Ligand code: SF4
């Protein structure tokens, strides 16, 4: 029975790897299914539940006071949310008022628009991972200071190292600057691939910009189609 259990565990690992690599289905014979049904149920933590080092990182960040002004003004540290085994990761700038209040990134109006974009891609928020460059809200939503970016960037890099997404979407100029260390405008960079530590990055407009400039949604959708193609995922038809 232990041997069978090992086989089931190995099969699950292989299938998870295939899913992460873009495979959407596999053919399984009835005989194999019958054998698998005889195996004991293996209970594993849900993919979205932080475990081990990732949970320790979250605990460390939530106690961080490296930026004295931000640490003093914040209601919550906004670490990140989603599937820690996600193949797609979104990185934004910093929490706003709603995010600071609820302790979760992208939950305000811009966040609701991001959720719609994710769903238009045929995914759910729980399928991807969402984080910001800064984990604490700058007062009055001012642009993050260079020193604050330097303080918080290592946490984002640790998140990326742990999640190892296949693709990162950088939302807006601040996220692009934090990841790629360039000062080129987002309008010039969006729609083109860049690389960060061997991970492809697609810069695109921040959802907050889309709220002010709805016509730019068309360009973001083009960028998301490029991302889906990179992930070998189907491109849903826009409703
Ligand atoms: S923004 Fe980042 S580095 Fe600054 S206090 Fe918050 S968690 Fe720490």
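The values are calculated or read from the model by the stated rules, or taken from the named source; none is laboratory data. None of these values were measured; they are calculated from a predicted model. Cβ: placed from backbone, ideal geometry, glycine included. Neighbour counts: every protein chain shown.
In segment 174-186, which residue that is in contact (Cβ under 8 Å) with a residue 24 or more places away in the chain and over 23 Å from residue 62 (Cα atoms) is nearest to the ligand (Cβ to nearest atom)? If we take residues in segment 174-186 being in contact (Cβ under 8 Å) with a residue 24 or more places away in the chain and over 23 Å from residue 62 (Cα atoms), then 177 is nearest to the ligand (Cβ to nearest atom). Taking each residue of segment 137-148 that is within 17 Å of residue 76 (Cβ to Cβ) and looking for partners that are more than 9 Å from the ligand (Cβ to nearest atom) and not in a loop (DSSP other than H, G, I, E, B) with beta-carbon atoms closer than 6 Å, six or more apart or interchain, yields 137/100; 139/73.
Of the helices (runs of 4 or more DSSP H) lying entirely inside segment 171-216, the ones with 3 or more residues being in the same structural domain as residue 135 (by TED's automatic domain parsing) and surrounded by 17 or more Cβ atoms within 10 Å (Cβ to Cβ) are found at 173-180, 207-212. For segment 85-102, the set of residues classified as touching a residue at least 40 places away in the same chain (Cβ under 8 Å) and buried (at least 21 other Cβ atoms within 10 Å of the Cβ) consists of 86, 87, 88, 89, 90, 91, 92, 93, 94, 95, 96, listed by residue number. Can you find, within segment 111-143, the residue that is farthest from residue 164 (Cα to Cα) among those that are more than 15 Å from the chain's Cα centre (by Cα) and crowded, with 23+ Cβ neighbours inside 10 Å? Per the stated criteria, the residue is 137. Note on segment 58-151: enclosed helices (runs of 4 or more DSSP H) holding 2 or more residues that are under 21 Å from residue 225 (Cα atoms) and in the same structural domain as residue 214 (by TED's automatic domain parsing) are 109-120. Every condition in (1) more than 23 Å from residue 87 (Cα to Cα); (2) without any contact (Cβ under 8 Å) to a residue 40 or more places away in the chain holds for residue 199 except the one numbered (1).
Each residue in segment 145-155 was checked for being under 22 Å from residue 208 (Cβ atoms), more than 20 Å from the chain's Cα centre (by Cα) and more than 8 Å from the ligand (Cβ to nearest atom), and 2 of them qualify.
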